[in-house]
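Q: Let me begin by handing over the structure; questions about it come next.
The values are calculated or read from the model by the stated rules, or taken from the named source; none is laboratory data. Owing to the predicted nature of the structure, the values given are computational and were not obtained by experimental measurement. Using ideal geometry, Cβ is built from the backbone for each residue, glycine included, and neighbour counts are taken over all protein chains shown. Each accessible area value is taken on the protein alone, full model and side chains, heavy atoms only, with ligands, DNA and RNA left out. Shrake-Rupley method; radii C 1.70, N 1.55, O 1.52, S 1.80 Å.
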Amino acid sequence: MVRKFTRQEVSNLTGMNSVNLSYWEKVGLVIPEKIGNPSCPILAYTGEQLLQLKLIQSLGERLPLPEIRRILNFLRDGDYEFSIVPTERDRVPQQISSDVLDRELLRDISYEELEALAECKLAPENQLLLDELLKKNEESDLSETEVAELDRLLEQADRLTLLRARARYTLEQINYTESKL
């Protein structure tokens with residue numbers, strides 16, 4: 001038999017009060033089963049609904065109601081109006097993981113482009129110049145122009161390193177999300 005939770009138990013477990021629970025029922029996100037006397041029923045929530053309420057509670061501060069509704073619809077019945085996993089690997093989806101506000105994810109880039117970014121390096125001529133300038137810098141023998149060029153190349157290398165890390169992170173999130181299916 002499936003365990004049911006009363007409104008009071010759900011309130012205790014989620015920290016949501018009766019007004020909050022009534023609101024989520026009214027807007028159709030989590031509708032408890034009504035048991036017993038129709039004029040004064042006992043409201044019973046499933047474990048799945050309890051988890052949905054916890055998710056609503058977590059997302060409620062960061063996402064508008066329509067987005068929360070799409071997420072719950074997907075989780076409840078696989079409604080693909082909103083997809084948290086790539087249905088094709090053409091484009092990185094807008095929501096890969098449960099953290100839909102993850103700003104480190106690279107979006108609207110193909111999987112193959114992400115793989116290329118994850119392995120990219122400075123152009124060989126820039127790497128050679130950077131190596132030369134770093135060696136000269138160790139000897140404190142850089143002109144003002146060379147210092148500016150070294151700074152530019154170091155900034156470029158830093159940006160490239162961050163971009164590579166973000167591409168690798170995005171690939172990991174895609175693979176993690178796909179493995180959970």
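Q: Could you check how many residues of region 1-34 are polar (S, T, N, Q), more than 21 Å from I68 (Cα to Cα) and not in a strand (DSSP E or B)? Give the steps one after another, and end with the answer.
A: In the first step, residues of region 1-34 are kept if they are polar (S, T, N, Q); the result is 6, 8, 11-12, 14, 17-18, 20, 22.
Remaining after also requiring more than 21 Å from I68 (Cα to Cα): 6, 8, 12.
Checking which are not in a strand (DSSP E or B) leaves us with 8, 12.
So the count comes out to 2.
Q: Another question, if that's okay. Show me the helices (runs of 4 or more DSSP H) found entirely inside region 106-181 where at least 1 residues are β-branched (V, I, T) and exposed (fewer than 12 other Cβ atoms within 10 Å of the Cβ).
A: By residue number, 144-179.
Q: I'd like to know if region 21-28 contains one or more residues that are among the aromatic types (F, W, Y), more than 28 Å from the chain's Cα centre (by Cα) and open to solvent by less than 80 Å² (accessible area, probe 1.4 Å).
A: No, every residue in region 21-28 fails to be among the aromatic types (F, W, Y), more than 28 Å from the chain's Cα centre (by Cα) and open to solvent by less than 80 Å² (accessible area, probe 1.4 Å).
Q: Given the residues S143, S97, which is the only one that is modelled with pLDDT of 85 or more and of a type outside the set (A, V, I, L, M)?
A: One residue alone meets the criteria, S143.
Q: What are the pairs with Cβ atoms under 7 angstrom where one residue, in region 38-66, is farther than 23 Å from R3 by Cβ and the other, located anywhere, is in a loop (DSSP other than H, G, I, E, B) and open to solvent by less than 50 Å² (accessible area, probe 1.4 Å)? Sequence gap at least six, or different chains.
A: Partner pairs satisfying both residue conditions: L63/V100; L65/V27.
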